[in-house]
1. Any residue at all in region 180-202 that's farther than 27 Å from residue 14 by Cα, within 16 Å of the ligand (Cβ to nearest atom) and in contact with a strand residue (DSSP E or B) (Cβ under 6 Å, 6 or more places away or on another chain)?
2. Give region 47-63 a look and list any residue that's assigned to a helix (DSSP H, G or I) and within 13 Å of residue 28 (Cα to Cα), or say none.
3. I'm told residue 108 meets every condition in (1) modelled with pLDDT of 90 or more; (2) more than 13 Å from the ligand (Cβ to nearest atom); (3) outside any helix (DSSP H, G or I); (4) within 18 Å of the chain's Cα centre (by Cα) except one. Can you identify the failing condition by its number?
4. Need the failing condition index for residue 128 against (1) assigned to a loop (DSSP other than H, G, I, E, B); (2) touching a residue at least 60 places away in the same chain (Cβ under 8 Å); (3) touching a strand residue (DSSP E or B) at 6+ places or on another chain (Cβ under 8 Å), just the number.
5. Pull up region 81-100, narrow it to residues that are farther than 19 Å from residue 185 by Cα and assigned to a helix (DSSP H, G or I), then point me to the one that is nearest to the chain's Cα centre (by Cα).
6. Within the set of pairs 6+ apart or on separate chains, which have a first residue in region 66-88 that is on the phi > 0 side of the Ramachandran plot, a second that is not in a strand (DSSP E or B), and C-beta atoms under 6 Å apart?
7. State yes or no: is residue 116 closer than 19 Å to residue 228 by Cβ, under 14 Å from the mean Cα position of the chain (by Cα), within 16 Å of the ligand (Cβ to nearest atom) and in a helix (DSSP H, G or I)?
Ligand SMILES: [Zn+2]
(Lines give C-alpha, C1' and ligand atoms only; values in the text may rest on other atoms or scores of the structure.)
Protein backbone atom coordinates (compact mmCIF):
# COMPACT_ATOMS: atom_id res chain seq x y z
CA UNK A 1 0.00 0.00 0.00
CA UNK A 2 2.84 2.39 0.87
CA UNK A 3 4.34 2.03 -2.59
CA UNK A 4 1.22 3.07 -4.41
CA UNK A 5 2.06 6.10 -6.49
CA UNK A 6 -1.49 7.01 -7.49
CA UNK A 7 -3.47 9.08 -5.04
CA UNK A 8 -7.16 9.46 -4.33
CA UNK A 9 -9.24 11.61 -6.69
CA UNK A 10 -9.85 15.29 -5.96
CA UNK A 11 -13.34 14.85 -4.52
CA UNK A 12 -12.23 12.12 -2.13
CA UNK A 13 -9.12 14.11 -1.19
CA UNK A 14 -11.34 17.08 -0.30
CA UNK A 15 -13.64 14.87 1.80
CA UNK A 16 -10.72 13.27 3.62
CA UNK A 17 -9.12 16.61 4.48
CA UNK A 18 -12.19 18.59 5.55
CA UNK A 19 -12.25 20.84 2.50
CA UNK A 20 -15.83 20.18 1.38
CA UNK A 21 -19.19 19.95 3.14
CA UNK A 22 -21.12 18.50 0.19
CA UNK A 23 -21.53 15.07 1.81
CA UNK A 24 -22.62 16.35 5.22
CA UNK A 25 -25.96 16.98 6.92
CA UNK A 26 -26.90 18.79 10.14
CA UNK A 27 -27.00 16.65 13.28
CA UNK A 28 -27.73 19.28 15.90
CA UNK A 29 -27.83 17.67 19.26
CA UNK A 30 -31.14 17.99 21.09
CA UNK A 31 -29.21 19.05 24.15
CA UNK A 32 -27.21 21.75 22.42
CA UNK A 33 -28.88 25.12 22.43
CA UNK A 34 -25.87 26.97 21.04
CA UNK A 35 -25.78 28.41 17.55
CA UNK A 36 -22.88 26.31 16.36
CA UNK A 37 -23.92 24.01 13.58
CA UNK A 38 -23.00 20.36 13.93
CA UNK A 39 -22.46 18.45 10.70
CA UNK A 40 -22.16 14.73 10.11
CA UNK A 41 -21.70 12.46 7.08
CA UNK A 42 -25.15 11.79 5.60
CA UNK A 43 -24.66 8.01 5.85
CA UNK A 44 -24.01 8.27 9.60
CA UNK A 45 -27.10 10.35 10.37
CA UNK A 46 -29.68 7.56 10.77
CA UNK A 47 -27.34 5.28 12.76
CA UNK A 48 -26.60 8.20 15.08
CA UNK A 49 -30.32 8.77 15.62
CA UNK A 50 -30.73 5.11 16.52
CA UNK A 51 -27.81 5.31 18.95
CA UNK A 52 -29.32 8.44 20.53
CA UNK A 53 -32.61 6.59 21.00
CA UNK A 54 -30.84 3.66 22.63
CA UNK A 55 -29.13 6.12 24.96
CA UNK A 56 -32.47 7.72 25.92
CA UNK A 57 -33.97 4.32 26.64
CA UNK A 58 -31.03 3.63 28.96
CA UNK A 59 -31.53 6.96 30.76
CA UNK A 60 -28.75 8.95 29.07
CA UNK A 61 -28.86 11.93 26.75
CA UNK A 62 -26.20 11.40 24.12
CA UNK A 63 -24.99 14.90 23.24
CA UNK A 64 -22.41 15.93 20.67
CA UNK A 65 -19.53 18.16 21.71
CA UNK A 66 -17.90 18.13 18.31
CA UNK A 67 -18.51 16.43 14.96
CA UNK A 68 -17.23 17.53 11.54
CA UNK A 69 -14.33 19.97 11.77
CA UNK A 70 -13.07 21.65 8.62
CA UNK A 71 -9.48 21.96 7.47
CA UNK A 72 -9.18 25.67 8.26
CA UNK A 73 -10.25 25.18 11.85
CA UNK A 74 -7.75 22.36 12.41
CA UNK A 75 -5.05 24.44 10.74
CA UNK A 76 -5.79 27.36 13.04
CA UNK A 77 -5.42 25.11 16.10
CA UNK A 78 -2.09 23.90 14.76
CA UNK A 79 -0.78 27.34 13.88
CA UNK A 80 -1.72 28.72 17.29
CA UNK A 81 -0.06 25.84 19.13
CA UNK A 82 3.07 26.07 17.00
CA UNK A 83 3.21 29.83 17.66
CA UNK A 84 2.69 29.39 21.43
CA UNK A 85 -0.66 31.22 21.32
CA UNK A 86 -2.60 28.20 22.57
CA UNK A 87 -1.62 25.86 25.45
CA UNK A 88 0.59 22.91 24.52
CA UNK A 89 0.72 19.82 26.75
CA UNK A 90 3.39 17.20 27.24
CA UNK A 91 2.87 13.53 26.39
CA UNK A 92 1.80 13.01 30.03
CA UNK A 93 -0.52 16.04 29.97
CA UNK A 94 1.55 18.70 31.73
CA UNK A 95 1.28 22.28 30.51
CA UNK A 96 4.48 23.20 28.68
CA UNK A 97 6.26 26.48 28.16
CA UNK A 98 6.77 26.38 24.40
CA UNK A 99 9.67 28.82 24.65
CA UNK A 100 11.67 26.04 26.35
CA UNK A 101 11.06 23.49 23.60
CA UNK A 102 13.03 22.61 20.52
CA UNK A 103 11.02 22.48 17.28
CA UNK A 104 11.12 18.71 17.41
CA UNK A 105 9.84 18.56 21.02
CA UNK A 106 7.11 21.02 20.09
CA UNK A 107 6.10 18.88 17.11
CA UNK A 108 5.67 15.67 19.16
CA UNK A 109 3.84 17.48 21.95
CA UNK A 110 1.30 19.02 19.56
CA UNK A 111 0.79 15.74 17.69
CA UNK A 112 -0.06 13.91 20.92
CA UNK A 113 -3.22 16.02 21.34
CA UNK A 114 -3.96 17.58 17.93
CA UNK A 115 -4.04 15.97 14.52
CA UNK A 116 -2.06 17.53 11.73
CA UNK A 117 -4.54 19.50 9.57
CA UNK A 118 -5.89 17.19 6.88
CA UNK A 119 -5.36 14.04 8.97
CA UNK A 120 -8.04 14.54 11.64
CA UNK A 121 -10.79 11.93 11.68
CA UNK A 122 -13.11 14.83 12.46
CA UNK A 123 -12.68 15.93 8.82
CA UNK A 124 -14.50 12.80 7.66
CA UNK A 125 -17.91 13.53 9.18
CA UNK A 126 -17.94 9.99 10.54
CA UNK A 127 -16.41 10.88 13.91
CA UNK A 128 -17.93 12.56 16.97
CA UNK A 129 -17.02 13.55 20.53
CA UNK A 130 -19.94 12.61 22.77
CA UNK A 131 -21.02 12.99 26.40
CA UNK A 132 -24.11 12.53 28.56
CA UNK A 133 -25.99 15.83 28.82
CA UNK A 134 -28.35 14.32 31.41
CA UNK A 135 -25.47 13.85 33.87
CA UNK A 136 -24.47 17.51 34.16
CA UNK A 137 -26.17 20.90 34.64
CA UNK A 138 -26.84 22.88 31.46
CA UNK A 139 -24.08 25.38 32.31
CA UNK A 140 -21.47 22.62 32.82
CA UNK A 141 -18.17 23.45 31.17
CA UNK A 142 -17.22 20.34 29.23
CA UNK A 143 -13.48 19.71 29.19
CA UNK A 144 -13.19 16.38 27.38
CA UNK A 145 -10.52 15.03 29.71
CA UNK A 146 -10.16 11.36 30.79
CA UNK A 147 -11.17 12.13 34.41
CA UNK A 148 -14.70 13.07 33.31
CA UNK A 149 -15.13 9.55 31.89
CA UNK A 150 -13.43 7.64 34.69
CA UNK A 151 -15.09 6.29 37.88
CA UNK A 152 -16.18 9.28 39.93
CA UNK A 153 -16.51 11.48 36.84
CA UNK A 154 -19.91 12.65 35.55
CA UNK A 155 -19.77 10.48 32.41
CA UNK A 156 -18.44 7.24 33.91
CA UNK A 157 -21.84 5.48 33.70
CA UNK A 158 -22.42 6.71 30.17
CA UNK A 159 -19.01 5.48 29.12
CA UNK A 160 -19.56 2.08 30.70
CA UNK A 161 -22.89 1.76 28.89
CA UNK A 162 -21.44 2.88 25.54
CA UNK A 163 -18.33 0.69 25.83
CA UNK A 164 -20.57 -2.28 26.64
CA UNK A 165 -22.68 -1.60 23.59
CA UNK A 166 -19.59 -1.35 21.38
CA UNK A 167 -18.14 -4.57 22.83
CA UNK A 168 -21.40 -6.38 22.02
CA UNK A 169 -21.54 -4.92 18.50
CA UNK A 170 -24.82 -3.17 19.35
CA UNK A 171 -23.65 0.43 18.89
CA UNK A 172 -25.20 0.85 15.41
CA UNK A 173 -21.79 0.69 13.72
CA UNK A 174 -19.97 3.12 16.04
CA UNK A 175 -16.67 2.25 17.72
CA UNK A 176 -13.73 3.88 19.56
CA UNK A 177 -10.76 4.49 17.22
CA UNK A 178 -8.61 5.90 20.06
CA UNK A 179 -9.36 3.32 22.74
CA UNK A 180 -5.79 2.20 23.43
CA UNK A 181 -2.73 4.28 24.15
CA UNK A 182 -0.20 3.20 21.55
CA UNK A 183 2.09 6.10 22.50
CA UNK A 184 0.93 8.28 19.60
CA UNK A 185 -2.48 9.92 19.87
CA UNK A 186 -3.76 10.02 23.47
CA UNK A 187 -6.75 7.75 24.27
CA UNK A 188 -10.12 9.53 23.89
CA UNK A 189 -13.05 7.72 25.56
CA UNK A 190 -15.40 10.43 24.22
CA UNK A 191 -14.47 9.93 20.57
CA UNK A 192 -16.64 7.56 18.50
CA UNK A 193 -16.55 6.77 14.82
CA UNK A 194 -19.12 5.35 12.42
CA UNK A 195 -17.18 2.47 10.96
CA UNK A 196 -18.91 1.92 7.55
CA UNK A 197 -18.05 5.50 6.50
CA UNK A 198 -14.74 5.84 8.35
CA UNK A 199 -13.46 2.57 6.91
CA UNK A 200 -13.78 3.90 3.35
CA UNK A 201 -11.57 6.89 4.20
CA UNK A 202 -9.23 4.87 6.38
CA UNK A 203 -8.43 2.53 3.50
CA UNK A 204 -7.48 5.49 1.28
CA UNK A 205 -5.38 7.05 3.99
CA UNK A 206 -2.02 5.81 2.71
CA UNK A 207 1.41 7.39 2.43
CA UNK A 208 0.69 8.73 -1.09
CA UNK A 209 -2.31 10.59 0.36
CA UNK A 210 -0.18 11.89 3.23
CA UNK A 211 2.53 13.14 0.87
CA UNK A 212 0.01 14.91 -1.33
CA UNK A 213 -1.31 16.62 1.79
CA UNK A 214 2.18 17.59 2.95
CA UNK A 215 3.00 19.02 -0.47
CA UNK A 216 -0.25 21.00 -0.67
CA UNK A 217 0.29 23.45 2.19
CA UNK A 218 2.86 25.63 3.86
CA UNK A 219 3.02 24.16 7.36
CA UNK A 220 4.28 25.52 10.61
CA UNK A 221 7.20 23.27 11.66
CA UNK A 222 7.35 22.04 8.05
CA UNK A 223 11.07 21.24 8.24
CA UNK A 224 10.57 18.99 11.27
CA UNK A 225 7.50 17.41 9.69
CA UNK A 226 9.36 16.65 6.45
CA UNK A 227 12.23 15.14 8.39
CA UNK A 228 9.92 12.81 10.33
CA UNK A 229 7.17 12.31 7.72
CA UNK A 230 7.33 8.52 7.75
CA UNK A 231 7.20 8.28 11.55
CA UNK A 232 4.39 10.86 11.82
CA UNK A 233 2.39 8.94 9.25
CA UNK A 234 2.82 5.60 11.01
CA UNK A 235 2.34 6.73 14.62
CA UNK A 236 -0.15 9.58 14.37
CA UNK A 237 -2.11 8.85 11.19
CA UNK A 238 -2.10 5.05 11.05
CA UNK A 239 -1.87 4.76 14.87
CA UNK A 240 0.79 2.05 14.71
CA UNK A 241 2.35 1.20 18.09
CA UNK A 242 5.99 2.13 18.65
ZN1 LIG B 1 -12.60 13.63 18.77
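1. No, because not a single residue in region 180-202 is farther than 27 Å from residue 14 by Cα, within 16 Å of the ligand (Cβ to nearest atom) and in contact with a strand residue (DSSP E or B) (Cβ under 6 Å, 6 or more places away or on another chain).
2. Of region 47-63, the ones assigned to a helix (DSSP H, G or I) are 47-57.
48, 49, 52 - these are the residues of region 47-63 that are assigned to a helix (DSSP H, G or I) and within 13 Å of residue 28 (Cα to Cα).
3. (3)
4. (1)
5. Of region 81-100, the ones farther than 19 Å from residue 185 by Cα are 83-85, 97-100.
Keeping just the survivors that are assigned to a helix (DSSP H, G or I) gives 98-100.
Details: 98: 23, 99: 27, 100: 28 Å.
Only one residue tops the list, namely 98.
6. Taking only residues 6 or more apart or on different chains, the pairs are 84/98.
7. On the way: closer than 19 Å to residue 228 by Cβ: yes; under 14 Å from the mean Cα position of the chain (by Cα): yes; within 16 Å of the ligand (Cβ to nearest atom): yes; in a helix (DSSP H, G or I): no.
No, not satisfied.
Residue by residue, here is whether (1) closer than 25 Å to residue 115 by Cβ; (2) at pLDDT 90 or above; (3) surrounded by 15 or more Cβ atoms within 10 Å (Cβ to Cβ) holds:
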{"site": "150", "(1), (2), (3)": "yes, yes, no"}
{"site": "153", "(1), (2), (3)": "yes, yes, yes"}
{"site": "156", "(1), (2), (3)": "no, yes, yes"}
{"site": "161", "(1), (2), (3)": "no, yes, yes"}
{"site": "167", "(1), (2), (3)": "no, yes, no"}
{"site": "174", "(1), (2), (3)": "yes, yes, yes"}
{"site": "183", "(1), (2), (3)": "yes, no, no"}
{"site": "189", "(1), (2), (3)": "yes, yes, yes"}
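The values are calculated or read from the model by the stated rules, or taken from the named source; none is laboratory data. Small disclaimer: the values here were computed from a predicted structure and weren't measured. With ideal geometry, Cβ positions are generated from the backbone for all residues, glycine too; neighbour counts draw on all protein chains shown.
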